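K.L.:
Below is a structure I'd like to ask you about.
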Amino acid sequence: MEILINYLDNMFANYPQTPEVMRAKDDLAEIMEDKYNELMEEGRTENEAIGIVISEFGNIRELAQELGIYPSSASAAQFSKDSPEQEDGNREDGTEERQEDEKGFDYGGRHNHSQKNIRQLSAIEAEEYLFAAKQSSVMLAAGVFLCVCSPVFLLLFAGMQYYYFMFPALEGIVQGIGVVLLLFMVACAVALFIRSGMKMEPYEYLKTECFMLDEDYEREFCQARESLRKKYYTKITAGVILCIFSVVPLLISAIITEYDNHDFYVLLCVIFLLVMIGTAVFLFVSSNMEMESYQVILQEKEYSVKNKKKQKAENLISSIYWPAVVCLYLAVSFITGGWQYTWLIWPLSAAAFDFICNIIGTKIKES
């Protein structure tokens, strides 16, 4: 059900949050949940049930037209013009356009390749990936936060023991507790890293393989990404502010201790600095990974079709090129005995490989 809820949020992301829209969203969620439970009782798998529910109730355009609601960024006239029914009406004479669409597609200029040898990505798979990426981003960001803040308890206990308790007999115990907590936090962070990687492993093919996404779903994902962009910039801004102000308490404590000669204040400010930096890194990692997941689904920037094809070509060439370079290096070195000079083969080979990759990228771009 979490996938359906996330799917509904994306569907209604670009609509005004009026009482009518929220009522329609709640009613649709209730209907989808009932249908989902009914299918699960019939013995369907979770993915089958979700796919059937979305195929039956996932057309937001028809529902919006029945309720008379439109996206906040478009007028009613625009929405009616862009609707599938209107497009079909305009294409009654568009035989060439339909034929061209059978050969390839060009959604917003991002895709332009044959459908015969390309994977069709369903909305279910895309929603599952986005949901998994969101969970994975939180896990990874939490792990980084724990790593940054892992020395906090060790510093705090050591400072309290030195400046307040002054019991030599307990010094080893207090430091031992601090070390145990540090190792425990690092262990939790490693567990989160592993869990995050395992969660994203089934979807690695999305970053390397070319695929095709239905045009209507692609538009919805674009709208959801735009609605997420404001939250993304807010998190990045908050993280930068935390990084800048994290040193302020440390500067203030340096001034105070100049007169008070109490280094424990400085220690507390160092702990506060670590926590603020950890929080900022948490915001950076989680927001960047979540935004990157939309780039993967929409095949943009480094995950574009051009870059994927270029990477495949580079991997194929490197699997042949570098073993050949190793054989050449060993052969020349053993035959000539000039080991002090043959190392030059490696930087020259690297420059040649980079040149070849640039040529490949240019050819792919032209094609």
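K.L.:
For Lys310, state whether it is touching a Gly at 6+ places or on another chain (Cβ under 6 Å), within 30 Å of Ile118 (Cβ to Cβ) and part of a helix (DSSP H, G or I).
P.N.:
Answer is yes for this residue.
K.L.:
If you don't mind, another one. Looking at the structure I just gave you, is Ile277 in a helix (DSSP H, G or I) and at pLDDT below 90?
P.N.:
no
K.L.:
What is the number of the single condition among (1) modelled with pLDDT of 85 or more; (2) outside the structural domain of Tyr203 (by TED's automatic domain parsing); (3) among the aliphatic types (A, V, I, L, M) that Met289 does not meet?
P.N.:
Result: Met289 passes all but (2).
Okay, residues lined up against (1) among the aromatic types (Phe, Trp, Tyr); (2) surrounded by fewer than 17 Cβ atoms within 10 Å (Cβ to Cβ):
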site: Cys147; (1), (2): no, no
site: Phe157; (1), (2): yes, no
site: Ile177; (1), (2): no, yes
site: Phe184; (1), (2): yes, yes
site: Ala191; (1), (2): no, yes
site: Pro202; (1), (2): no, yes
site: Glu226; (1), (2): no, yes
site: Leu250; (1), (2): no, yes
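K.L.:
Continuing with the same structure: For Tyr294, are the conditions met, namely being assigned by TED's automatic domain parsing to the domain that holds Leu140, assigned to a helix (DSSP H, G or I), surrounded by 11 or more Cβ atoms within 10 Å (Cβ to Cβ) and modelled with pLDDT of 85 or more?
P.N.:
yes
The values are calculated or read from the model by the stated rules, or taken from the named source; none is laboratory data. Since the structure is predicted, the reported quantities are computational estimates derived from the model, not experimental observations. All Cβ positions, even for glycine, are placed from backbone atoms using ideal geometry, and neighbour counts span all protein chains on display.
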